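Data first, discussion second: the structure below is written as structure tokens.
The values are calculated or read from the model by the stated rules, or taken from the named source; none is laboratory data. Nothing here was measured: the structure is a model prediction, and the numbers come from that model. All Cβ positions, even for glycine, are placed from backbone atoms using ideal geometry, and neighbour counts span all protein chains on display.
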Amino acid sequence: MKNILFAILSGLLLAFGWPTNGFPLLLFLGFTPLLLAEFNIRNSEAKFQKWKVFGVAYVSFFIWNVITTYWIYFSTPFGGAFAILANSLLMSIVFLIYHIIAKRTGFRASASFFISLWIVFEKVHLGWDFSWPWLNLGNGFSEYINWIQWYEFTGTFGGTLWILLSNFVIFKAILAFNEFKDKTILYRAGVKTILLIGLPILASYILLWNYTMPQERINALILQPNINPYTEKYNTNDTKIGELLLNMTSEKITDSTEIVLAPETVFADGTVLSRFNKSEAAFFGRQISQLQPNLSFLGGVSFYERFSNPNLVNSQSNQLGENDWFNDYNSAFLIKNNTENQIYHKSKLVVGVENFPYQDILKPILGDVMIDLGGTVAMKTTQKERAVFKIKDSISTAPIICYESIYGEYVTGYVKNGANFLSIITNDAWWGNTAGHRQHASYAKLRAIENRRSVARSANTGISEIINPIGEIQQKLEYEEHGTISGDIILNNKITFYSKYGDYIARVSKFLALFIFLFAMVGIKRSKYF
């Protein structure tokens, strides 16, 4: 029972340390009760130790997942249940592997293994077909940007490392105190913990105080039409949407406005890609861009291509019938007077809605089942390169679509291709007024800090905002507000260390985890404490 209580405590600490209402200091000890439960089981004479460790881990991670990501349920009960149960399962498997290695190694090796293995797990979650990195630990500081200005060097994996190191320092101190009953152990551990947590925060403030904001600016108008996706969006044609966007822009545009942003798939009728120039989306994009000299319009659109040639079929094509296929795209486009239209296709896809994971294996078993998380349920077609939209000869922006904004190294691809600021277009209305859209908006601040790029965020129902390169929100429209934001976007062309080298912490962790695993398989069993 004590171990179950430890597991519950861990789950609650992790959940109540999470954005956007949590206090992240709790994350620094969130794993500690669970580690104590595992230690108790490992050093007991109980049978079925592996199952018991797996059980307490699942309790912790299920509590964490359900409290922080319950909102998926509002778009689909099945999808929400699957995401919570499956992610809890994966986390528990990682913890079980740690238990197996801990039985064969000492404290330092097992602690190093768990930290590196968890980082590898988070890295895998960023790249495989079942990608769900929402609860990657480094995301937990998104509301406390003054603590993590050093993310420009480490990305969110620096935050993951920080949290796990702190947990093991506290864990080790508790074990040592239980063994020797010496209060000086707790005093020394307290000092170590304060330094481990405090020094990175101090370094962050030093970076913040010494950061010089770039001077170049571009004025943007961000539209938040607030169209309900369940009752309005797919029952309103592109003509009415275009008229709405045109009216919103006409009312608020100024002589200094250089770019107008509209949300993801704001034009949702389904436009034939090859006929885009004759579409309603292109027509109203041109109408808006002609309101002002040198004005650009960036918005979202649903594209498709239908074809009968089997040679054109790819792994992301959808079949309608014999010799009848179509490619479906969730795309961004930019229109500017007297220039060629620019198009980008979303390439980090939502599992189930836009991506059928591991089709070759699962499709023969499941058929054409897709998890309906809201919107048009079809396999989307992606593109390989992180294309940027050129606004002027010296100014480009990243056309980031919705889910793509939670991928750190992925976003650096836009920056390395010349993006001076990040444009995020999204539609977060599927989950209602829950923590989902607030967490998604909060994570955008991480991308700003990592790349030292401002963010212009247009969300259908909110939250729309302008974020500066240190992660501060300059302007904001709350959820379910209809309106616009007009403001200056700070431009930057310098490449940060993280933008250049990406998730190097995860790459190092792969080698460290493999080395310790091999060491454990051939090593001699160590002391149960150290």
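Before moving on, here are some points about what is shown:
- Those residues of segment 425-479 which are among the basic types (Lys, Arg) and touching a helix residue (DSSP H, G or I) at 6+ places or on another chain (Cβ under 9 Å), in sequence order: Lys445, Arg447, Arg452, Arg453, Arg457, Lys476
- Checking Glu251, Glu243, Glu258 one by one, the residue that is among the acidic types (Asp, Glu) and not in a helix (DSSP H, G or I) is Glu258 and no other.
- Selected residue (criterion: nearest to Phe107 (Cα to Cα)) from residues of segment 12-71 that are assigned to a loop (DSSP other than H, G, I, E, B) and small (Gly, Ala, Ser): Ser44
- Here Val353 passes the criteria (1) at pLDDT below 75; (2) closer than 30 Å to Leu422 by Cβ; (3) exposed (fewer than 13 other Cβ atoms within 10 Å of the Cβ) except the one numbered (3).
- Considered as a group, the residues in segment 119-131 that are in contact (Cβ under 8 Å) with a residue 40 or more places away in the chain and buried (at least 20 other Cβ atoms within 10 Å of the Cβ) include one that is farthest from the chain's Cα centre (by Cα), and that residue is Ile119.
- Subset of segment 267-292 (residues that are assigned to a helix (DSSP H, G or I), within 15 Å of Phe326 (Cβ to Cβ) and within 31 Å of the chain's Cα centre (by Cα)): Leu273
- Residue identified as touching a helix residue (DSSP H, G or I) at 6+ places or on another chain (Cβ under 8 Å), closer than 16 Å to Gly483 by Cα and touching a residue at least 24 places away in the same chain (Cβ under 8 Å) among Ile227, Ile222, Ile201, Ile253: Ile227
- Taking segment 190-236 as the range and being surrounded by 14 or more Cβ atoms within 10 Å (Cβ to Cβ) and β-branched (Val, Ile, Thr) as the test, the residues that pass are Thr193, Ile197, Ile201, Ile218, Ile222, Ile227, Thr236.
- Top-ranked residue in segment 356-413 [being basic (Lys, Arg), surrounded by fewer than 20 Cβ atoms within 10 Å (Cβ to Cβ) and modelled with pLDDT under 95; ranked as nearest to Gly299 (Cα to Cα)]: Lys392
- Whichever residue in segment 40-57 is in contact with a Leu (Cβ under 7 Å, 6 or more places away or on another chain) and not aliphatic (A, V, I, L, M) and, among such residues, is surrounded by the fewest Cβ atoms within 10 Å (Cβ to Cβ): Lys50
- For segment 429-439, the count of residues that are part of a loop (DSSP other than H, G, I, E, B), buried (at least 24 other Cβ atoms within 10 Å of the Cβ) and either of a type in the set (Asp, Glu) or out of contact with any Leu (no Cβ under 7 Å at 6 or more places or on another chain) (or both) is zero.
- Ala102 being buried (at least 18 other Cβ atoms within 10 Å of the Cβ), under 30 Å from Thr184 (Cα atoms) and assigned by TED's automatic domain parsing to the domain that holds Asn40: yes
- Enumeration of residues in segment 166-189 that are surrounded by fewer than 15 Cβ atoms within 10 Å (Cβ to Cβ) and either modelled with pLDDT of 95 or more or aromatic (Phe, Trp, Tyr) (or both): Phe180, Tyr187
- Residues in segment 460-480 that are crowded, with 24+ Cβ neighbours inside 10 Å and more than 25 Å from Tyr498 (Cβ to Cβ): Asn460, Thr461, Gly462, Ser464.
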